Amino acid sequence: MAMIDSMKERMMQEAMGQITPSETPVAQAFAHAIASIEARQMAAITRLAEAADVDEAAVGHLDAGAREEQLLGLADALADDRMEDWWLDEVAAGHLDDPDRAADYLGMDREAWVDQIATWGENYRQAAPDHVEGMTDAQIADLHVRETFGIPLREFTREVVDWTRGEAVEGVLAGNLSSTTSSIHRVAAELED
């Protein structure tokens, strides 16, 4: 009996691996509903911010179709266990130069990251001593990361090195809602003053 149960479980896992979430009506309806709600919320808070004359609270316009595709892509990436590649291509590429090169640092453990910063320091001091004279390893790493990825070291560390699958999923799923909530609070604070 245990062997039959084991075979059934394996067959179910194989069948699940053949399902592409983005092609299922349930996932499509779910993505459509979320994207529509987010688009309406963004339009509403932008309208409110404009009426209250609070520019920094406006969150802008959301392309609901593009958002649906993003959500469905996320579902497929999770199902196919390729979240890291999807995140680099679909999320990080929007604000990070050369996201493929950043893959080596994605979710890097703290000790390896400290070693990497020291290595960059040594390499730059050997290759261009005049250019980095008097700079700390962290300053050299910041220079390197800015030149390579187009963002400061602190941002690179937060978004790439400290990356986790759970936080990445949460960021994609809840990012627009968090933005809208923050904007509501900014408008409220402005109106309270």
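Could you tell me which residue of segment 46-63 is modelled with the highest pLDDT, considering only residues that are under 23 Å from the mean Cα position of the chain (by Cα) and not acidic (Asp, Glu)?
Selected residue: 62.
Please go through segment 42-57 and give me each residue that is open to solvent by 70 Å² or more (accessible area, probe 1.4 Å) and assigned to a helix (DSSP H, G or I), ordered by number.
Within segment 42-57, 47, 48, 50, 51, 55, 56 qualify.
Okay, residues lined up against (1) modelled with pLDDT of 95 or more; (2) more than 30 Å from residue 35 (Cβ to Cβ):
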| site | (1), (2) |
| --- | --- |
| 86 | yes, no |
| 98 | no, no |
| 111 | yes, yes |
| 120 | yes, yes |
| 129 | no, yes |
| 144 | yes, yes |
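Need pairs with beta-carbon distance below 7 Å; first residue within 14 Å of residue 184 (Cβ to Cβ) and within segment 40-69, second assigned to a loop (DSSP other than H, G, I, E, B) and among the polar types (S, T, N, Q); sequence gap 6+ or separate chains.
If the second residue must be assigned to a loop (DSSP other than H, G, I, E, B) and among the polar types (S, T, N, Q), no pairs are left.
The values are calculated or read from the model by the stated rules, or taken from the named source; none is laboratory data. Keep in mind the model is a prediction, meaning the values are calculated, not measured. Virtual Cβ from ideal backbone geometry, glycine too; neighbours counted across all protein chains shown. These area figures cover heavy atoms from the full protein model, side chains too; ligands, DNA and RNA do not enter into them. Shrake-Rupley method; radii C 1.70, N 1.55, O 1.52, S 1.80 Å.
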